[in-house]
Every structure is written in structure tokens, then in C-alpha cells.
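Taken together, the values in this text are just the output of simple stated rules run on the coordinates, not laboratory data. Quantities reported herein were computed from a predicted structural model and do not represent experimental measurements. Please note: Cβ atoms are built from the backbone with ideal geometry, for glycine as well, and neighbour counts cover all protein chains shown.
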Amino acid sequence: MSDTADSLPQPLGMSAPADGVGGLPAQLRAAALGPTHLVRYLKVFARFDAAGRALPSWNWAAAVAAPAWLAFRGLWSWLGLWLLLVVALALLLLGAQIVLVLPPSMLAGLALALWLGLAAGFGLWADALLYRQLQRRVEAAVRAAANMQQALALLAAGAPTRRRLWAVGAGSAALLALLALAAWQWVSEASSQAAPQAPPPAHATPIRPVEQAPAPEPQPAAAALPVWDADEAAALQQDTEAALGALAEAGAGSAPVPSASASPARAAPAAAPPAAKPAEPAAAGRAPPQELRKLYINVGMFAEPANARRAQERLRAEGLPVTVAPARSASGKTLQRVRVGPFTSAAQANEAAAKVRLLGLDAVPAVQ
């Protein structure tokens, strides 16, 4: 082609670049760049030409909105690479969250650091990427055109226009709105799950006073039971003397129940009863009196019901059948009588009396 830079007409109303950035290479690049920030890019590319290679140069548009800038400038392969990098970083953050179980604040900080690194990389090298792409486009247009006029027309036809700028801006704004809405919903759900539920309003549910549970009654200490009143013991002993005599007479088949003395002192534990001999059959028509009576072991007469309950619990823990019933003493007072039984044989009564005495309680036999 024999056209020169001075004889070429300016395509599409484009004027020759000012500030000393002129010549045929500048006109070709200007046709490929379009009118947006034309002078700024021509100055940067003139510096690259002087250095003989592309140098890092900061580009705010590429740093802040890399996908929009790449789409506007027609760097589609680099836009695909940017999307792949974003997906890789997202997978990296997800893997770190699963493996390391990072807290949300640390995860957000890591994501911000990776995003800033990606933005800084594209901001520093965006001009170099555009410079190399323009070189390839200019070379392809010059080879395809018959003259320089056609080359400029081809480059101008593929240059980004203001219409493309508005389209990319609108698409970026819509995408940012969708991302902001998704982030707001995610934050709202996370905060609603983390925040405690608010109490119901006062008009919906009346406030009721909290009923405090009554304090438990202090359990009395496991102290020794009071000694049985001597007068009460003597009165009970007199009532059972006749029954003991009857048991002594009809002692065949079982050991006699040892009679307790009239004194209130506790007797020593009874010895184990000897082996009983086989009983002879009773005379016909004569029933032994002990079969018609029930044997009891009187443990004590208590004026305090709490003491009677403690004695009952101790006896019941030993597996003895124990009952507590009110009884009137000789002096007219109402006492709580604790006794063990009933038993059907003297051997059972003796064994129960021995267990009662081992507990440190009185054991006075009685017949009813």
C-alpha cells in the first residue's frame, strides 16, 4: 500500500490524535480503539512503543469492573479466563470452609483478599492486554485490506462504540443488583437463624407471674431415735404377758418367743432359734391357740410423727412389714405406735425382733 499517514482521510469523522501521538500507527490504533478514552490509551501505547515492550500501567476501569471492561473492549478470551479464575477462587473458599471450618469473619476476609488480588492483577496489566490485542487486530486489518483506507474502515467497524458502552453498563448494573439481592437474602437468613426469637407482644399473651416452687422441707438429720417412754413400754408389756404365756405352753413346732422384762432397757439380740423338732399331730377337734392369733413386735410410741416416720423408713429398708397407727397412752395423750408384723409363728417374730434390735430400736412382742 502506497498511502501515507498525511494523505489518509480520517475515517468516520475521527480527527488525528493530538499531544504528539500521531502518525499512521496511532491512526490505526485510534480506529480500533474507538472514541472512549482515546487520548489516554494512545499515550500509554506510545510509551510501550518507546520501551519496546508492554509495561504495567494502572487502569481503574479494569481494576474496579474487570468483566465489564473486558466485554467492552472485546477481550472475550480474557473475559472467559477471568470467569474461570472467579470460579476457582470460589471453590477454593468452599474447600477451606469445609476442611478448616473457618468462622464467617475469617472467610469473608479471605474472600476480600483474593478479590483484591485479582482486581490488582487486572488493573496493572489491562493496558498491556489491550495493547497486544490491538497490535494483532491492526496487523490482520492491514493484511486483509487493499489499501490503508479500507484497513481503517475495518478497524473502525470493529471498534467499541458508545452504544456498546451503555449496553455493558446496563448489563453490569443488572448483574450487580441481582448479586446484591442474593447477598441481602443470605445475610437476612443468617441473622434470623442466629438471632434469638423475640418474645410475643404484650397484647397477644398476658404476662403471668412466675410461680416459684415451694422450698423443700429440710430433711431431718439421721439422728438416734428418742428412747421409748418407760411408762408406755410397761403398759404394753402388761398387755402382752398373757399372750406370751400362751405361746410358751403351745411351743410345739416352734421356739418360744423370749419375754421381755418390764424395764425399758433394750434386750440383747436374741440367739438363733434351735432347729425345731417335728410337731406331733394335735388331738382331734382341738385347734392350737396360736393359729388364731397374730404376733407383732412393738417398736415404740412416739409423740412426734416425724420420729415415727423415720423409724418406719429404717424398718422398711430392712424388709420388715411395718405399720404406723395412732394410739392413746395411759396418760391420755395421742401417740404414734410403730410396730412390725403381723407374723404367724414365733420363729418369724423372733427373727424380726432380732433385726429390730440390731437397728438400735426397742422390740417388745405383742399378740393380737
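So, by mean Cβ neighbours within 10 angstrom, what's the order for 294-304, 318-328 with the highest one leading?
Working: 294-304: 22.0, 318-328: 13.8.
The most tightly packed comes first, giving 294-304, 318-328.
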Potential extension, Leu84-Leu358 segment - 0.36 nm per residue separation minus Cα distance: 89.7 nm
